[in-house]
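Here the structure comes first, spelled out in structure tokens, and everything after it is commentary.
The values are calculated or read from the model by the stated rules, or taken from the named source; none is laboratory data. Being a predicted model, the structure only gives us computed values, none of them experimental. Note that each Cβ is placed from the backbone with ideal geometry, even for glycine, and that neighbours are counted across all protein chains shown. Quick note on the areas: whole protein, heavy atoms, side chains included, nothing else; ligands and nucleic acids left out. Shrake-Rupley method; radii C 1.70, N 1.55, O 1.52, S 1.80 Å.
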Amino acid sequence: MTDTERTEYLGEVRALDFQRYAVAVGDMNPIYFDDAAARAAGYPGIVAPPNFLTSIIEWGLGPLENEMREDGNHGNAIAEKLIGMKPEDLEGLRMMGGGNEIAFGDPVRPGDAVTLTRRFVETYERPSRMGKLVFIVHENTYTNQHGRMLAVVRETNIGAR
């Protein structure tokens, strides 16, 4: 495991992106689409749904088809990026999500320039009926161009060999 903190600039939030997300998840709250409704609710204008930032797995183009495994997974590269494990730590390890805790800060607005800081919190092991399980806990903090916190996600991933 690495013990470093990594920061990356994700890009600028566009209203169309979070509005498409709202439609996809069936959340048609007018504060995501109508400035007057958002102002009436106490916002300076339209805002993104609260889970918008934390739902995005890949902010870039994503992997090329020839980089994907037969099962459609991105392989070790995505796991290394998301949870900070080295390729040698991932050999033979099957990963799954173990839960998230999310704290929301300022509402996400169109034009926000988002930066993500990934911090690795801890790793621990527990026995199970199927063998040893490895728990990897990390924290993702999303901030805007003003350094204001938009969301913090404490995420647990579970690995089994």
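Identify all residues within segment 122-152 that are open to solvent by 50 Å² or more (accessible area, probe 1.4 Å) and either within 22 Å of LEU10 (Cβ to Cβ) or in contact with a helix residue (DSSP H, G or I) (Cβ under 6 Å, 6 or more places away or on another chain) (or both); write none if there are none. Step through it out loud before you land on a result.
Taking segment 122-152 as the starting set, the residues that turn out to be open to solvent by 50 Å² or more (accessible area, probe 1.4 Å) are 122-127, 129-130, 132, 145-149.
GLN145, HIS146, GLY147, ARG148, MET149, listed by residue number.
When you go through GLU101, GLU155 one by one, which is the residue that is exposed (fewer than 13 other Cβ atoms within 10 Å of the Cβ) and modelled with pLDDT of 90 or more?
Values: GLU155 fails: exposed (fewer than 13 other Cβ atoms within 10 Å of the Cβ).
On inspection, the qualifying residue turns out to be GLU101.
Can you find, within segment 30-53, the residue that is nearest to the chain's Cα centre (by Cα) among those that are within 23 Å of VAL152 (Cα to Cα) and open to solvent by 50 Å² or more (accessible area, probe 1.4 Å)?
The extreme case among them is ASN51.
Within segment 1-19, which residues are free of Cβ contacts under 8 Å to residues at least 60 places away in the same chain and surrounded by fewer than 12 Cβ atoms within 10 Å (Cβ to Cβ)?
The answer is LEU16, and nothing else.
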